[in-house]
Amino acid sequence: MDEYQLVVTGERIIEPESGYSGPGTVYIKDDSFFKVERERPSEKQLKELANLTRLIDATGLIVGPGLIDMHVHLREPGREDEETILTGAEAAAAGGFTSICCMPNTTPPLDNYGIINFVVERARSAKVRVYPIGAITQGQKGEIITEIGDLVEAGAVAISDDGYPVMNSGVMRNAMEYARMFDIPIISHPEDLGLVGSGVANEGFNSTRFGLSGIPGIAEEVMVARDIMISEFTRCALHLAHLSTAGSISLVKEAKSRKVAVSCEVTPHHFTLTDDLLESYDSNLRVNPPIRTKGDVEAVKEGLKDGIVDVIASDHAPHSQEEKEVEFQAAPCGMIGLETTVGLVVTELVEKGIIDWMEFFKKLSLNPATILKLQGGRLQVNAPADLTIIDPKKRWVVDPKRFKSKSRNSPFIGRRLKGKAKYTVVAGKVVFEAES
Ligand code: DOR
């Protein structure tokens with residue numbers, strides 16, 4: 001019998017590309033998938049394998065291609081007290097992610113060859129794969145586009161000014177023309193700063209009730225509409241980040257019906273939290289875009305269900321305790337998410353019948369891999385052996401003491417969840433194994 005690096009066998013292997021869900025065995029050799037079989041070995045073969053190699057018997061667990069979080073903020077360089085490339089990767093592994101894509105809004109931003117190269121070099125010793133996303137404009141100032149070819153050559157898989165919008169439509173048009181030439185998508189952070197004004201919370205009944213200045217849904221929607229139009233005009237692939245309103249989802253639905261090259265993502269906080277929670281003034285609820293109304297949450301879930309929403313991404317945004325322990329209006333935007341995303345998706349979407357496990361692996365693995373042209377997302381012979389093995393029945397409580405992230409800014413602390421990564425496997429190596 002052949003010697004393998006790792007063999008994983010289970011009753012439920014999910015192949016999101018072919019649509020297969022059922023018993024299977026995955027054989028890994030030299031960091032790659034060597035064989036993927038749609039059956040389990042006999043008891044005798046299992047015993048033999050167990051003597052020769054590391055064997056994971058995933059009975060009762062769900063095995064799928066490694067999860068990819070295409071929207072993560074690591075704070076290196078600049079704010080290593082909040083997160084580093086290595087601690088972010090450690091949090092990702094614990095959360096079940098085998099790959100993460102890091103946004104460029106570091107200090108300084110990821111806007112040139114040297115700094116993208118720095119991330120790539122640092123990431124070599126990280127537990128998971130880290131793919132940098134380069135800035136669209138120099139210094140993320142929205143004025144002069146970066147040397148996109150250099151960024152791609154250094155390893156950027158997309159460009160985005162995430163954290164900030166590109167307010168000038170001419171600049172966005174030029175960026176899309178160039179991104180198309182380099183065959184990478186533009187990731188838009190859709191936000192019109194003129195409409196945001198001094199807003200800190202979703203504009204509506206609750207912002208008035210709690211005395212918080214409002215950000216209207218149209219601050220997002222006008223930019224979604226604009227970027228769809230520029231994408232249609234330039235024929236550049238557009239990915240819309242962190243959509244949060246019913247209006248945005250219907251704009252994407254309409255654009256997709258016209259075959260515009262558009263994809264979009266939503267975050268767990270935008271399908272679980274509503275703005276009535278702001279009664280607590282918990283600064284961990286301050287996020288950009290803001291948490292919205294029940295109607296918006298329902299529309300986001302509907303978009304997830306009917307396939308309009310392609311991707312679920314955490315928008316992991318670490319912030320220090322000192323900076324978050326201030327009044328709501330003064331706090332920086334963002335919450336961490338790498339270690340709570342799987343639990344929230346299983347509890348709020350899979351358990352409630354909004355998406356099934358096939359869709360889970362599409363939105364968290366296959367689709368991000370396809371959009372960014374990454375090698376993962378598939379259980380395919382010769383592909384890199386990245387796997388996420390999930391315990392769908394595991395009940396747990398979000399406990400900040402267990403976070404691997406350097407930051408603690410999560411509004412989900414204390415929340416009871418069901419579903420957690422049991423093993424995270426990168427290039428055939430188990431980089432995370434849950435304790436019990
Ligand atoms: O809430 C957010 N935090 N939204 C963003 O767009 C940026 C992010 C951050 O970097 O903290």
Restricting to the stretch 360-383, give me the number of residues that are in contact (Cβ under 8 Å) with a residue 12 or more places away in the chain, in contact with a Gly (Cβ under 9 Å, 6 or more places away or on another chain) and surrounded by fewer than 21 Cβ atoms within 10 Å (Cβ to Cβ).
1
Does the stretch 10-22 contain any residue that is closer than 19 Å to A383 by Cβ and charged (D, E, K, R)?
yes
If we scan the stretch 95-108, do we find a residue that is assigned to a helix (DSSP H, G or I), within 17 Å of the chain's Cα centre (by Cα) and either within 16 Å of the ligand (Cβ to nearest atom) or over 19 Å from P190 (Cβ atoms) (or both)?
yes
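Confirm whether G139 is in contact (Cβ under 8 Å) with a residue 24 or more places away in the chain and among the small types (G, A, S).
Details: in contact (Cβ under 8 Å) with a residue 24 or more places away in the chain: yes; among the small types (G, A, S): yes.
Here the answer is yes, as G139 does meet what is asked.
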From the list D310, D306, D276, pick out the single residue that is in contact with a Cys (Cβ under 7 Å, 6 or more places away or on another chain) and more than 15 Å from the ligand (Cβ to nearest atom).
D310
Residue set V72, V63; condition surrounded by 13 or more Cβ atoms within 10 Å (Cβ to Cβ) and within 14 Å of R12 (Cα to Cα); output residue V63
Pairs please, first residue from the stretch 397-414 and under 14 Å from T341 (Cα atoms) and in contact (Cβ under 8 Å) with a residue 24 or more places away in the chain, second anywhere and among the polar types (S, T, N, Q) and part of a loop (DSSP other than H, G, I, E, B), Cβ atoms under 6 Å, 6+ apart in sequence or on different chains.
V398/T340; F412/T340
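Table: residues versus (1) within 16 Å of the ligand (Cβ to nearest atom); (2) more than 20 Å from L366 (Cβ to Cβ).
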position: I230; (1), (2): no, yes
position: G247; (1), (2): no, yes
position: V262; (1), (2): no, no
position: H270; (1), (2): yes, yes
Would you confirm, using the coordinates I've provided, whether S283 is within 13 Å of the ligand (Cβ to nearest atom) and buried (at least 19 other Cβ atoms within 10 Å of the Cβ)?
yes
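Being in contact (Cβ under 8 Å) with a residue 60 or more places away in the chain, touching a Pro at 6+ places or on another chain (Cβ under 8 Å) and surrounded by fewer than 19 Cβ atoms within 10 Å (Cβ to Cβ): is that true of S21 here?
No.
This table checks each residue for (1) surrounded by fewer than 24 Cβ atoms within 10 Å (Cβ to Cβ); (2) closer than 30 Å to V262 by Cβ; (3) within 16 Å of the ligand (Cβ to nearest atom); (4) charged (D, E, K, R).
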position: E323; (1), (2), (3), (4): yes, no, yes, yes
position: T347; (1), (2), (3), (4): yes, yes, no, no
position: M358; (1), (2), (3), (4): yes, yes, no, no
position: R408; (1), (2), (3), (4): yes, no, yes, yes
position: K429; (1), (2), (3), (4): yes, no, no, yes
Residue, surrounded by the fewest Cβ atoms within 10 Å (Cβ to Cβ), within the stretch 153-197, restricted to residues that are part of a helix (DSSP H, G or I) and within 14 Å of the ligand (Cβ to nearest atom)
L193
Out of the residues in the stretch 198-215 meeting the condition of being in a helix (DSSP H, G or I) and touching a strand residue (DSSP E or B) at 6+ places or on another chain (Cβ under 8 Å), tell me which one is farthest from A261 (Cα to Cα).
T208
Working only within the stretch 109-129, note down all residues that are assigned to a helix (DSSP H, G or I) and either within 16 Å of the ligand (Cβ to nearest atom) or of a type outside the set (V, I, T) (or both).
Y113, G114, N117, F118, V119, E121, R122, A123
Of the residues G60, G22, G88, only one is modelled with pLDDT of 95 or more, among the small types (G, A, S) and in a strand (DSSP E or B); which?
G22
Is it true that some residue in the stretch 216-227 is more than 21 Å from the chain's Cα centre (by Cα), within 19 Å of E265 (Cβ to Cβ) and not in a helix (DSSP H, G or I)?
yes
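The values are calculated or read from the model by the stated rules, or taken from the named source; none is laboratory data. Computed from a prediction, not measured in an experiment: that's the story for all the values here. With ideal geometry, Cβ positions are generated from the backbone for all residues, glycine too; neighbour counts draw on all protein chains shown.
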